[in-house]
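The block underneath contains the structure these notes are about, expressed in structure tokens.
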Amino acid sequence: MRVGIIGATGYGGAELLRLLNQHPHVQEVVLYTSSKEGMNIQESYPHVSDIYTQTLKSINVTTIKDEVDMVFLATPPGVSAEWSGQIAEAGCKVIDLSGDLRLQNPDVYEKWYKREAAPLALIKDAVYGLPEWNREAIKKAQIISNPGCYPTATLLGLAPLVKNKLIDVESIIIDAKSGTSGAGRSPSAITHFSEMNENFKIYQINQHKHIPEIEQTLQEWDEKVETITFQPHLVPMVRGIMATIYAKAKQPISEEMLRHLYKEAYKNEPFVRIRPEGAYPATKEVYGSNYCDIGLTYDERTGRITIVSVIDNVVKGASGQAIQNLNLMHGFEESTGLSLVPMYP
Ligand SMILES: NC(=O)C1=CN([C@@H]2O[C@H](COP(=O)(O)OP(=O)(O)OC[C@H]3O[C@@H](n4cnc5c(N)ncnc54)[C@H](OP(=O)(O)O)[C@@H]3O)[C@@H](O)[C@H]2O)C=CC1
Ligand SMILES: CC(=O)N[C@@H](CCC(=O)OP(=O)(O)O)C(=O)O
């Protein structure tokens, strides 16, 4: 198949290039740009020299169907809201890595993203692309809204407990940490080396746009969910997210039962791995891979469950999950092109 990437010069785009290169069903990759028409991708990313030799093309939604079968949008907020509908109408499947189509209520989008929402019909057409919990809808979708990186780690970490109504949902607290690649390729004051190196920062306290995204899916799983507490932090590393999640158990639960619950929930999932008792995952253990690794424990003293969920933000948190969705949408085996052993150390 022929695949287009809008936003190929960004980090999400770069990771798509790495992963699509080893996808057996992708014969051609067309790279689109809003600002660098005619530039060779190697100028932006020498690490793909001789693998990709394409020049970047400007985007023309009326002719895109003649060039590709499906399109990834690895673009900032606002771009997908404008283009995804037209690209889908032209007949291409669309996978949007941005947050434009994730929130079902446009008012909620406008409050948290502080910009105009996509047309409601487009939002309703988009399917939330969390394969482990939305597989059948993804298979039939024309437009996928790929989940945010923090919500991916958090929702995979919370799903078995929330779906089985085993925790007091008002008690959920998510303490999340990310590497700087989550902020994209454009430099900023917060990700500048001198600001970030040997530093540890909390940011967007109570205001992060992933709060309503996490709440929305948790509410689908248990209508009792209203609000959660989520705070993101920036860690001086490039890739990786760790979400440490705390919640009060409704009833005491043994370590064995807790682990059994998660092992059962994810027993057929190629990309979710549950750690044995007493073992907790580190970000390096999923680096460069599409895995989400989860560790769990119950504290008898406090009645709280702690879940540690780690992903590589650019892979399972973005481009890897997007390819997992491509596979489902096109009837390919779900892990095609994604059998990546994490890079260690
Ligand atoms: N980085 C991560 O870990 C994750 C990112 N995401 C989301 O994925 C999307 C892409 O992220 P990321 O790759 O990190 O971002 P980057 O900032 O690294 O790249 C975004 C790319 O979008 C293109 N772009 C910018 N403005 C426009 C425009 N007006 N129209 C079309 N294209 C435009 C640019 O390419 P050009 O100038 O060539 O057009 C740019 O290279 C974002 O929405 C982000 O929030 C989601 C999960 C994780
Ligand atoms: C470290 C860092 O800055 N991370 C980004 C998360 C990127 C992401 O997933 O954003 P989307 O929801 O737009 O896809 C952030 O906090 O905004």
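If you go through region 75-130 and keep only what is of a type in the set (S, T, N, Q), assigned to a helix (DSSP H, G or I) and within 16 Å of ligand 2 (Cβ to nearest atom), you end up with Ser80, Ser84. Considering region 174-200, the residues that are away from ligand 1 (no atom under 14 Å from the Cβ) and among the hydrophobic types (A, V, I, L, M, F, W, C) include one that is farthest from Pro151 (Cα to Cα), namely Phe193.
Considering region 112-132, and only residues there that are touching a residue at least 60 places away in the same chain (Cβ under 8 Å) and not small (Gly, Ala, Ser), the residue that is most open to solvent (accessible area, probe 1.4 Å) turns out to be Trp112. Looking only at residues of region 84-103 that are of a type outside the set (D, E, K, R) and farther than 24 Å from Gly182 by Cβ, we find that the one that is surrounded by the most Cβ atoms within 10 Å (Cβ to Cβ) is Ile87. Examine region 161-170 for a residue that is within 16 Å of ligand 1 (Cβ to nearest atom) and either in contact (Cβ under 8 Å) with a residue 12 or more places away in the chain or surrounded by fewer than 22 Cβ atoms within 10 Å (Cβ to Cβ) (or both), and state whether such a residue exists. No.
Checking each residue in region 178-215 for being open to solvent by less than 40 Å² (accessible area, probe 1.4 Å), aliphatic (A, V, I, L, M) and either farther than 19 Å from Thr283 by Cβ or within 20 Å of the chain's Cα centre (by Cα) (or both) picks out Ile211, Ile214.
Whether any residue in region 180-190 is within 11 Å of ligand 2 (Cβ to nearest atom), within 20 Å of Asp96 (Cα to Cα), of a type in the set (D, E, K, R) and touching a helix residue (DSSP H, G or I) at 6+ places or on another chain (Cβ under 7 Å) is what I want to check. No. Quick check: is even one residue across region 247-263 in contact with a helix residue (DSSP H, G or I) (Cβ under 9 Å, 6 or more places away or on another chain) and of a type in the set (Asp, Glu)? No: region 247-263 contains no residue that is in contact with a helix residue (DSSP H, G or I) (Cβ under 9 Å, 6 or more places away or on another chain) and of a type in the set (Asp, Glu). Among the residues of region 297-337, those that are farther than 25 Å from Ala88 by Cα and buried (at least 24 other Cβ atoms within 10 Å of the Cβ) comprise Ile307, Ser309, Val310, Ile311, Asp312, Asn313. Flag set for Val61, criterion: over 19 Å from Ser319 (Cβ atoms), open to solvent by less than 70 Å² (accessible area, probe 1.4 Å) and over 23 Å from the mean Cα position of the chain (by Cα). For first residues located in region 74-90 and at positive phi, partners that are loosely packed, with under 15 Cβ neighbours inside 10 Å and lie 6+ apart or on another chain with Cβ distances below 9 Å form the pairs Gly78/Arg115; Gly78/Glu116. Contact map, region 28-54: first residue in contact (Cβ under 8 Å) with a residue 60 or more places away in the chain, second residue within 16 Å of ligand 2 (Cβ to nearest atom), Cβ cut-off under 7 Å, separation 6 or more or different chains; the map is empty.
The values are calculated or read from the model by the stated rules, or taken from the named source; none is laboratory data. Values in this document were obtained by computation on a predicted structure and should not be read as measured data. With ideal geometry, Cβ positions are generated from the backbone for all residues, glycine too; neighbour counts draw on all protein chains shown. With ligands, DNA and RNA removed, areas are computed over all heavy atoms of the protein, side chains included. Shrake-Rupley method; radii C 1.70, N 1.55, O 1.52, S 1.80 Å.
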